[in-house]
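Peer 1: Following this message is one structure expressed as structure tokens.
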Amino acid sequence: MLPPRLKKAITDNPKKLANLIDLVNLPSTLREFVGQSQISHLGCFMRVWSYIKDNNLQDPNNKNVVKCDEKLKGILLGKPQVELCELPALIKLHFPKEQK
Amino acid sequence: MGKIPPSLRSSVSTSLIKKPSSLVPNESPSHRPHHFPKKTTKKIPPQLSEKTREPTFRNPFTSANLSDAKKVFNSIVTTTKVPLDLRVHNALLQSYASISTLNDSISLFNHMIKTHPTFSPDRSTYHVLLSQSCKAPDQTLKPVHQVLNFMLTNGFSPNKVTTDIAVRSLCSSNNVGLAVELIKEMSLKNAAPDSYTYNFLVKCLCKSSAVSTVYDFIEEFKTSFGLKPDIITYTILIDNVTNRENLREATRLVDVLAKEGIRPDCYIYNTIMKGCCTLNLGNEALEVLKKMKENGVEPDLVTYNTLIFGLSKCGRVVEAKKYLGVMVEMGHFPDAVTYTSLMNGLCRKGDVLGALGLLEEMQEKGCEPNVCTYNTLLHGLCKAKLLEKGLDLYGVMKECGMKLDTASYATLVRALCREGRVADAYEVFDYAVESKSVTDVAAYTTLEGTLKWLKKAREHGLAT
């Protein structure tokens, strides 16, 4: 059961939900990182976030900052370090709105 | 449920919390303190209750293929030492019916009679087939008629149990229209529905069709079959119109009720009061209570809970608290729902410390908080910018594996981001996903939206 507000959000805007969970053919940069040719926007975010956690890429002095390794740099515009709060926006860049 | 740690109670101390001994979230998180214990009493025919026990066993039939099924049946018959009774036969047929088509089930049924003469099917066996026919994919009554005729040729005329099973099966497979059609047919054929079936169908109709359709149905039954709506039907109708926020119609129904000579009972009043409360009409809710007293109906726990919930919801928490006293005086024990409603009201007013005080009071009285209480408090604490205390409480909830509700999750994430603790917000996100508190999509949408907002706020120099 979905909470009523979320349900409303989905019925109001089914496109937005679809954008998050539909599988998308990936560009080659991203394909290398996730190791598969298709992933959803949401799945990609989860993958990147767990990659950061698994490899302890958060700055120990400031947890809000991620120090990118080579692999991560490749998909996050080549930045040496990114703030956690930018992460969703950066990943969104790989999932442009107009698909078809 | 364990106790809320002492650090949360006193408003000054910020010492770390002690782990509660045992906390098992056993109540479903719901902010609506109406649990109507009795509405339509569910009548489960014996053969149905037998079915519900079944999924605990592995289905012996692994393929829908008929000849395979016959082989399985034969092997069960030959390997079992004890004679198979009717219940086993029914269960086997039911297992097969759950994966096969209707015609295959009938063939297996015939095969069972032929190869195993001690098996004498009774009405309940045919009902297994009947309930399968109701779930058939084609949108007509043809398969249902097929089984009914099959029953008749074997000497079993349908009765009201047959009708009940058919109607319930049709409704559960979203064929309310067919159920209405069938119930009319059955009423003409000596298998008239009883009031349970009738009320069940009215309830399904309310969910799926317009109010006028329901009224037409009731009118038709009254004139053609002499089946009058009873007090339960009216409770269903009133509940339905109040859920559609049509209080005027509810009042009209109460008048109709009076004309029919039915005295409204506690449940009717509770339903109306629930309607008033969801619409934030505190005065009207109090009016209902007055009316109850005038008509000599004793308010019960649900009445008081609904009233306290409603008054808290529309910001009249002082009055709500007064009714807490009243209900105790009348000999009712306020439960977690009562207190949570009041805490919710206090938090809305910004009096979180008052809510924490109430928590203490409730535990002193031996009433344990539930998941909903925790969520209400977490939401309130985060709103009132008491983030540290909120985090303490979140720690307790996490320790016990309690789920966050949508509102408290969102407020916590927002409060953390406002303080610039984005990494902690991510941690809450992880917990929400892991504990399945909210869907992944909802959790992510909230996080993404909050971070977007944070970026804007930073640009304007409003946040760190």
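Peer 1: Place a point 7 Å from Cα of B:Glu459 in the direction of its Cβ. Which residues in the range B:406-423 have their backbone N less than 18 Å from it?
Peer 2: Flagged as within label range: B:418.
Peer 1: Average the reciprocal distances over every distinct pair of alpha-carbons in the range B:108-152, invert the result, and give the Kirkwood radius in Å. Please report the intermediate quantities before stating the final value.
Peer 2: Working: mean 1/r = 0.0884 Å⁻¹.
So the Kirkwood estimate lands at 11.3 Å.
Peer 1: Treat every Asp and Glu Cβ in the protein assembly as shown as -1 and every Lys and Arg Cβ as +1, leave all other atoms uncharged, and give the resulting dipole magnitude about the Cα centre to the nearest 20 debye.
Peer 2: Values: 73 positive and 57 negative charges, 110 e Å.
Using only the charged Cβ atoms, the result is roughly 520 debye.
Peer 1: While we're on this one: Which ³J(HN,Hα) values, rounded to whole Hz and listed in residue order, are derived for the range B:311-318 from phi using the Karplus coefficients 6.51, -1.76 and 1.60 in 6.51 cos²θ - 1.76 cosθ + 1.60 with θ = phi - 60°, glycine and proline given as x?
Peer 2: Each residue of the range B:311-318 in turn: 5, 4, 5, 9, x, 10, 5, 5 Hz.
Peer 1: Another question, if that's okay. Roughly how many Å is it from the Cα centre of the range A:25-67 to that of the range B:318-341, as a whole number?
Peer 2: 51
Peer 1: How far is it, in nm, from the label point at B:Ala64 to the one at B:Thr223 when both lie 7 Å from their Cα along the line to the Cβ?
Peer 2: 4.4
Peer 1: Shifting gears a bit: For the range B:307-369, just say rounded, prolate or oblate: build the C-alpha gyration tensor, square-root its eigenvalues into a ≥ b ≥ c, call rounded for a/c under 1.5, and beyond that prolate if a/b exceeds b/c, oblate if not.
Peer 2: Numbers: a/c = 1.99, a/b = 1.16, b/c = 1.72.
Oblate, since a/c reaches 1.5 and b/c is not below a/b.
Peer 1: For a quick size check, give me the Cα extents of the range B:350-403 along its three principal axes, largest first, whole Å.
Peer 2: Sorted from largest, the Cα extents of the range B:350-403 read 28, 27, 14 Å.
Peer 1: From zero up to wherever the largest Cα-Cα distance of the range B:234-387 sits, split into 5 Å bins and tell me the percent of pairs in each.
Peer 2: Bins of 5 Å from zero give 2, 10, 18, 21, 17, 13, 10, 6, 3, 1, 0, 0 percent of pairs.
Peer 1: Still on this structure, please answer the following. Would you please give the residues with an amide H less than 5 Å from that of A:Gln81, counting only those at least 5 places away or on a separate chain, with H modeled from the backbone geometry?
Peer 2: HN-HN under 5 Å from A:Gln81: A:Cys68.
Peer 1: Oh, and also: Quick one: if the Förster radius is 56 Å, what FRET efficiency do B:Glu388 and B:Asp216 give, using the C-beta to C-beta distance and rounding to 0.05?
Peer 2: On the way: r = 60 Å, r/R0 = 1.07.
That pair, B:Glu388 with B:Asp216, gives E of 0.40.
Peer 1: Using the Karplus curve 6.51 cos²θ - 1.76 cosθ + 1.60 with θ = phi - 60°, work out ³J(HN,Hα) for each residue of the range B:77-86 in order, rounded to whole Hz, and write x for Gly and Pro.
Peer 2: Whole-Hz 3J(HN,Hα) from phi for the range B:77-86: 4, 6, 7, 7, 6, 6, x, 6, 9, 4.
Peer 1: Under a Cβ-only charge scheme (Lys and Arg +1, Asp and Glu -1), can you give me the dipole magnitude of the range B:82-190 about the Cα centre, in debye to the nearest 20? Before the final figure, lay out each step's value.
Peer 2: Details: 9 positive and 7 negative charges, 25 e Å.
That gives a dipole near 120 debye.
Peer 1: For the protein assembly as shown, which whole percent of the accessible surface, found with a 1.4 angstrom probe, sits on carbon and sulfur atoms? If you can, show how the numbers build up before the last one.
Peer 2: Details: 15340 of 28340 Å².
That fraction is 54 percent.
Peer 1: How far is helix B:440-459 tilted, in degrees, relative to the longest principal axis of the Cα atoms in chain B, given as a value from 0 to 90 rounded to the nearest 10?
Peer 2: On a 0 to 90 degree scale, this one is about 20.
Peer 1: Show the residues, 5+ positions off or on another chain, whose built amide H is closer than 5 Å to the amide H of A:Val24.
Peer 2: Result for A:Val24 returns A:Ile39, A:Ser40.
Peer 1: Here is a further query. Based on the Cα atoms of the protein assembly as shown, what semi-axes does the equivalent ellipsoid have, where each is the square root of 5 times one gyration tensor eigenvalue, given in whole Å with the largest first? Show your work: numbers first, answer last.
Peer 2: On the way: eigenvalues 499, 283, 103 Å².
So the three semi-axes of the protein assembly as shown are 50, 38, 23 Å.
Peer 1: Any of B:Lys385/B:Lys456; A:Lys67/B:Lys403; B:Lys365/B:Lys436; B:Lys290/B:Lys322 with alpha carbons more than 26 Å apart? Name them for me.
Peer 2: On the way: B:Lys385/B:Lys456 20 Å; A:Lys67/B:Lys403 32 Å; B:Lys365/B:Lys436 32 Å; B:Lys290/B:Lys322 15 Å.
Beyond 26 Å between Cα atoms: A:Lys67/B:Lys403; B:Lys365/B:Lys436.
Peer 1: Quick one: which of B:Lys70/B:Lys114; B:Lys293/B:Lys321; B:Lys222/B:Lys293; B:Lys203/B:Lys228 span more than 22 angstrom between C-alpha atoms?
Peer 2: Working: B:Lys70/B:Lys114 11 Å; B:Lys293/B:Lys321 20 Å; B:Lys222/B:Lys293 32 Å; B:Lys203/B:Lys228 15 Å.
The answer is B:Lys222/B:Lys293.
Peer 1: Once label points are set 7 Å from the Cα along Cα→Cβ at both A:Asn61 and B:Lys135, what is their separation, rounded to one decimal in nm?
Peer 2: About 6.4 nm separates the two model spin labels.
Peer 1: Quick check: pseudo-label points 7 Å beyond the Cα along Cα→Cβ at A:Glu70 and B:Ser172, how many nm apart are they?
Peer 2: 6.0
Peer 1: Just the accessible area per residue of the range B:82-190, please: how many Å² with a 1.4 Å probe? Show your work: numbers first, answer last.
Peer 2: Details: 4810 Å² over 109 residues.
Result: 44 Å² of accessible area for each residue.
Peer 1: Of B:Ser173, B:Met186, B:Ala91, which is farthest on the positive side of the dipole of the range B:82-190, counting Cα position, with +1 on Lys and Arg Cβ, -1 on Asp and Glu Cβ, and the Cα centre as origin?
Peer 2: B:Met186
Peer 1: State the volume of the convex hull built on the alpha-carbon positions of the range B:82-190, expressed per residue in Å³ and rounded to an integer. Mind dumping the intermediate values first?
Peer 2: Values: hull volume 10.4 nm³, N = 109.
That works out to 95 Å³ per residue.
Peer 1: Among all the aspartates and glutamates, which ones have a C-alpha under 15 Å from B:Lys291's C-alpha, if same-chain residues fewer than 8 places away are not counted?
Peer 2: B:Lys291 reaches B:Asp255, B:Asp265, B:Asp300.
Peer 1: Using a 1.4 Å probe and counting only protein heavy atoms, how much accessible surface gets buried when B and A come together, both sides summed, in Å² to the nearest 100?
Peer 2: Working: alone 22940 and 7160 Å², together 28340 Å².
Adding both sides of the contact gives about 1800 Å².
Peer 1: Another one. Among the aspartates and glutamates, which have Cα under 16 Å from the Cα of B:Lys207 when same-chain residues fewer than 8 positions away are ignored?
Peer 2: B:Lys207 reaches B:Asp216, B:Asp239, B:Glu245.
Peer 1: Binning at 10 Å from 0, report for the range B:371-463 what percent of all alpha-carbon pair distances ends up in each bin.
Peer 2: In whole percents, the pair-distance histogram is 18, 53, 25, 4.
Peer 1: Skipping prolines and chain starts, which residues have an amide H placed within reach, meaning under 5 Å, of the one on B:Leu404, given they are 5 or more residues away or on another chain?
Peer 2: B:Ser437
Peer 1: Another question, if that's okay. With a 1.4 Å probe on protein heavy atoms only, tell me which residues of the range A:39-88 lose at least 50 Å² of accessible surface in the complex relative to the chain by itself.
Peer 2: A:Leu42, A:Phe45, A:Met46, A:Trp49, A:Asn64, A:Cys85, A:Pro88
Peer 1: At q = 0.08, 0.09 Å⁻¹, what log₁₀ I(q)/I(0) does chain B have when each alpha carbon counts as one equal point scatterer in the Debye sum?
Peer 2: Computed log10 I(q)/I(0) values: -0.70, -0.83.
Peer 1: Translational D (Stokes-Einstein, µm²/s) of the range A:19-92 at 37 °C and 0.692 mPa s when Rh comes from the Kirkwood sum over C-alpha pairs?
Peer 2: On the way: Rh = 12.6 Å.
Answer from the Stokes-Einstein relation: 261 µm²/s.
Peer 1: What residue among B:Tyr215, B:Phe333, B:Leu462 has its Cα farthest toward the positive end of the dipole of chain B, where the charges are +1 on Lys, Arg and -1 on Asp, Glu, each on the Cβ?
Peer 2: So the residue we want is B:Leu462.
Peer 1: Taking θ as phi - 60°, what are the ³J(HN,Hα) couplings along the range B:400-410 by the Karplus curve (6.51, -1.76, 1.60), each to the nearest whole Hz, with x for Gly and Pro?
Peer 2: Along the range B:400-410, the couplings run 9, x, 6, 7, 8, 8, 4, 5, 5, 4, 5 Hz.
Peer 1: Of the cross-linked pairs A:Lys53/A:Lys73; A:Lys16/A:Lys92; A:Lys73/B:Lys455; A:Lys16/B:Lys313, which ones have a Cα-Cα span greater than 20 Å in the structure shown? Write down the numbers at each step before the final one.
Peer 2: Working: A:Lys53/A:Lys73 15 Å; A:Lys16/A:Lys92 13 Å; A:Lys73/B:Lys455 22 Å; A:Lys16/B:Lys313 32 Å.
Where the Cα-Cα span goes over 20 Å, the pairs concerned are A:Lys73/B:Lys455; A:Lys16/B:Lys313.
Peer 1: Follow-up. Heavy-atom accessible area per residue, the range B:371-463, 1.4 Å probe: how many Å²?
Peer 2: Computed with neighbouring chains in place, this is 38 Å² per residue.
The values are calculated or read from the model by the stated rules, or taken from the named source; none is laboratory data. Just so it is clear, the structure is predicted and the values come from calculations on it, not from any experiment. All Cβ positions, glycine included, derive from the backbone under ideal geometry; neighbour counts span all protein chains shown. Side chains are part of the model used for accessible areas, which takes the heavy atoms of the whole protein and leaves out ligands, DNA and RNA. Shrake-Rupley method; radii C 1.70, N 1.55, O 1.52, S 1.80 Å.
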